[in-house]
Amino acid sequence: MSPGFAPAAAVRGALAAALLVAVAAGAAACSPEVREFQNAGGAAASTGTGAGGAGGAGGAGGTGGAPGCDSALSPAEDACVIDDGFGVFVTASGNDLNPGTRVAPVKTLAKAIDLAGERGKRVYACAEAFNEPIVVPAGVELFGGLDCADRWQWIGESGKTTVATEPSVIAAVLLGGEATTRIEDFWFQAAPGAEPGASSIAVLADGATAELTRCTLVAGDGADGADAVSLEEAAPQGPVGLAGMAACTAGVGLPGPANPACPGSVGGAGGSSIPPVGPGMMGMPGLPELRGGEGGRPDCGDGAPGANGASGTPGSGGAGLGALSAAGYTAPSGSPGRDGSPGQGGGGGGSRSGGNCPQLMPPIGPGASGGSGGAGGCGGVGGAGGQAGGSSIGLASVNAALTLIDVHITAGRAGKGGAGASGQPGGAGGPGGAGGPPNVLPGACAGGAGGAGGAGGPGGGGAGGSSLGIAHIGAAPVQRSGVDIEAGTAGDGGLGGNENAADNGGASGVAALVQEISGG
C-alpha cells in the first residue's frame, strides 16, 4: 500500500456528517450503483438512553433462548435467535460499559466483537451507521440489519448495519483461523484515498474462512500518485585549475585540483621545467581517463579539455499489477534514473625550457611551468520515480476461503500515476589554470578546462492504480448466488521525467471484476 493501512485506527468525527446518509432503504440499498448511505428509513437509531426495545422472541433479558430455537439459524431465518442467550447487542447510542444485552447494549462494534469472542456468542447490530473500522477474529459471527427501535426485529432487506472509515483505513479486516466467520446484512464503505497514492479497500480477508450474506462492499476512489520533484540546480561545478609558476622561479608543475563533491574528477598537473636546462615538459592528463584531457606538449602546448561525463540511464516506468498482502495493496512506482558520471579533468599545460635568468646567481634558471587542468563537473543525480496511483478494491482476499451470497461489490475510480522527475543537469567543468607568466624567459601554456558532468537519467512514471471488484491471492471467492460486481475506471500511468523524452512513462492500471494478484 503505497501508503500503508491501519485497520484498527481511530475514526475522526469529521466522517459523521457523511454517515448521516447511511444504508439506502428498500431494495436500492444493495444496488452497486448507489454509493451513499442512509439509515434505514431514518428510524434505526435507538433511544437516547442506549437501551434497545424490550420484548420480542426470547423476551428482553433472556439468557437461554426460546425453547427449541436452532442457534445455527440467522435472525433472517428465525427471530427466536435474537436473544441475550445467543448474542451481544450493539447500537451506536449504547454504552461500552453496558453488558451488551438487548436492554443494555454496548456502543461500538469493537467492544461487541470482544465480548462475543469471550462469551462464545454472536454480535447483533442495529441497522445504523458505525464510525469505526473493525477487525474480526476467526469464528466470530456478525448479524446486522436489526431495528433496535422496534424490538430488534430483522429488517435486513431494507436496512443494513453500516461500517465506514476515514481515508487510508480498511473498513473491515477478517483474520484467519480454524473457525468460520459469518457476516450478514452489513454495508462496508471505505473512504476515498486522501494522501497521494492512497488506495481504498472496503474489506480485506487475511487467510480467513468466511461467509458473507446480503452484504454490500463499496470502495472509494484511489488518490492520484505524487509527481517526483526535479532538481533544477545543476550538480557541483569543477574547481579552476592552478596557475603555473613564473619563469626563473621554482619551475614546478602544480597538481590539478580534485572536485571535492566527486573526488574522482581531477585536473592534470602542469608540466614542470626542471632541470632548468633543457626542453620543457609535457603536462599530465586529467582524470578519470576518458577520451580527452591530454597534457599539453612541451615548449609549449595548452592542455586539452576534459571529456564530458556520460548521462545516467533513465529509470523504468512502473508496470504490472503490484502486490497484495495483509497490509493492503501496493501498485508499482517508477524507478529512479541513474546518476550521470563526472566529467574528466582537463590536461595540464606544457612548460617552457629554462635558460638565462639574470637575477639568479648563476644566471641559469627554470622556465615557466604549465597551468594545471580544471577539474570536471560532477554528474547530475538521477530523477526520482513517480508514485503509483492509488487503487480502489471492493474485496481483497489474501489466501482466504470466502463464500459470497447476495453480495454487492462496487469499486471506484483508480488514481493516475505520478510523473517521474527530470534528471539533474551535470555540473560545468572548471576552467584550466593559466600558464606560468614570463620573466625574461617566455611564459608557459594553460591547462585545459574540465569536462561537464553528465546529466542524471530521468525517473520513470508511476503506474496507474487499478479498479478491482475482487482482488485475490490464492483461490478466488466462491460466488454462490446473487453476486453483483462493478468496477470503476483504471488510472493512467504517469509520464517519465524530462517530459517523457525516454518514453519511460508508467503503465496504466487495470479495471476488472475479479483479478488475481501476486503476493506482497
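Just a few scattered comments:
- Counting only strands (runs of 3 or more DSSP E) that sit completely within region 183-247, those holding 3 or more residues that are aliphatic (A, V, I, L, M), over 30 Å from Ala258 (Cβ atoms) and touching a residue at least 40 places away in the same chain (Cβ under 8 Å) correspond to 200-206.
- In region 490-520, the residues that are more than 24 Å from Gly337 (Cα to Cα), touching a residue at least 60 places away in the same chain (Cβ under 8 Å) and crowded, with 18+ Cβ neighbours inside 10 Å: Ala490, Val510, Ala511, Gln515, Ile517
- Test result for Gly461, part of a loop (DSSP other than H, G, I, E, B), under 43 Å from the mean Cα position of the chain (by Cα) and not hydrophobic (A, V, I, L, M, F, W, C): yes
One line per residue, one yes/no per condition, for (1) touching a strand residue (DSSP E or B) at 6+ places or on another chain (Cβ under 6 Å); (2) touching a residue at least 12 places away in the same chain (Cβ under 8 Å); (3) outside any loop (DSSP other than H, G, I, E, B); (4) crowded, with 24+ Cβ neighbours inside 10 Å:
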{"site": "Met284", "(1), (2), (3), (4)": "no, yes, no, yes"}
{"site": "Arg291", "(1), (2), (3), (4)": "no, yes, no, no"}
{"site": "Cys300", "(1), (2), (3), (4)": "no, yes, no, yes"}
{"site": "Ala304", "(1), (2), (3), (4)": "no, yes, no, yes"}
{"site": "Gly315", "(1), (2), (3), (4)": "no, yes, no, yes"}
{"site": "Leu324", "(1), (2), (3), (4)": "yes, yes, yes, yes"}
{"site": "Gly337", "(1), (2), (3), (4)": "no, yes, no, yes"}
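- Some residue of region 386-405 being within 30 Å of Ala258 (Cβ to Cβ) and either of a type in the set (A, V, I, L, M) or surrounded by 24 or more Cβ atoms within 10 Å (Cβ to Cβ) (or both): no
- In region 176-222, of all residues being touching a helix residue (DSSP H, G or I) at 6+ places or on another chain (Cβ under 9 Å) and either over 21 Å from Trp154 (Cβ atoms) or modelled with pLDDT under 95 (or both), the one that is surrounded by the most Cβ atoms within 10 Å (Cβ to Cβ) corresponds to Gln189.
- Scope region 132-152; condition in contact with a strand residue (DSSP E or B) (Cβ under 7 Å, 6 or more places away or on another chain) and modelled with pLDDT under 95; matching residues: Cys148
- Test result for Ala331, surrounded by fewer than 24 Cβ atoms within 10 Å (Cβ to Cβ), under 30 Å from Ala414 (Cα atoms), modelled with pLDDT under 95 and under 43 Å from the mean Cα position of the chain (by Cα): no
- Any hit, region 107-124, residues being touching a residue at least 12 places away in the same chain (Cβ under 8 Å), within 11 Å of Glu184 (Cα to Cα) and in a loop (DSSP other than H, G, I, E, B): no
- Some residue of region 348-357 being under 25 Å from Val510 (Cα atoms) and in contact (Cβ under 8 Å) with a residue 60 or more places away in the chain: no
The values are calculated or read from the model by the stated rules, or taken from the named source; none is laboratory data. It should be emphasised that the depicted structure is a prediction, and the values quoted were computed from it without experimental measurement. Neighbour counts are summed over all protein chains in view; Cβ atoms, including those assigned to glycine, are modelled from backbone coordinates with ideal geometry.
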